Amino acid sequence: MQWITVATPPFESIDKFDAVLAKAGGNPDGLEARYVGTADGKLRIVSLWESKAHADRFFTETLPPLLTEVLGPEPVGAAETIGIDVARSYTREPVA
């Protein structure tokens, strides 16, 4: 079942996000889509995953070392993340 995460990273600029992506060397396993923008003055990252297991693996195994590489060895805090179990998906119908 698909899983959506809405994350507030421990940094505020899209440039930092781009630097983390560059270190990652591509999209993580199981990522289907990602959207980045701001809300209430904070950077937000909305991601659609194949499953909760893919998202959990990314947030516990892959992301922490990438943040350390980009932001430095000092603790900066973890991303604040909420997860949403996708019950239904509604997409726009293609135009004929």
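The values are calculated or read from the model by the stated rules, or taken from the named source; none is laboratory data. Quick caveat: nothing in here was measured; it's all calculated off a predicted structure. Positions of Cβ are generated from backbone atoms using ideal geometry, with glycine treated the same way; all protein chains shown enter the neighbour counts. Ligands, DNA and RNA are excluded from the accessible area calculation, which covers all protein heavy atoms including side chains. Shrake-Rupley method; radii C 1.70, N 1.55, O 1.52, S 1.80 Å.
Structural remarks
- Number of the exception - Gln2 against (1) open to solvent by less than 50 Å² (accessible area, probe 1.4 Å); (2) touching a Leu at 6+ places or on another chain (Cβ under 7 Å): (1)
- Here Arg92 fulfils each of the conditions (1) within 16 Å of Glu12 (Cβ to Cβ); (2) in a loop (DSSP other than H, G, I, E, B) apart from (1).
- Qualifying positions in the stretch 22-57 - hydrophobic (A, V, I, L, M, F, W, C) and out of contact with any helix residue (DSSP H, G or I) (no Cβ under 9 Å at 6 or more places or on another chain): Ala33, Ala39, Val46, Leu48, Ala53, Ala55
- Residue match in the stretch 77-87 (condition: part of a helix (DSSP H, G or I), in contact (Cβ under 8 Å) with a residue 40 or more places away in the chain, open to solvent by less than 40 Å² (accessible area, probe 1.4 Å) and of a type outside the set (Phe, Trp, Tyr)): no
- Listed by position, the helices (runs of 4 or more DSSP H) contained in the stretch 1-74 that have at least 1 residues being touching a Ser or Thr at 6+ places or on another chain (Cβ under 8 Å) and modelled with pLDDT of 90 or more are 52-57.
- Output for the stretch 5-58, where each listed residue is open to solvent by 30 Å² or more (accessible area, probe 1.4 Å), out of contact with any Asp or Glu (no Cβ under 8 Å at 6 or more places or on another chain), within 14 Å of Ile84 (Cβ to Cβ) and touching a residue at least 40 places away in the same chain (Cβ under 8 Å): Val6, Val46
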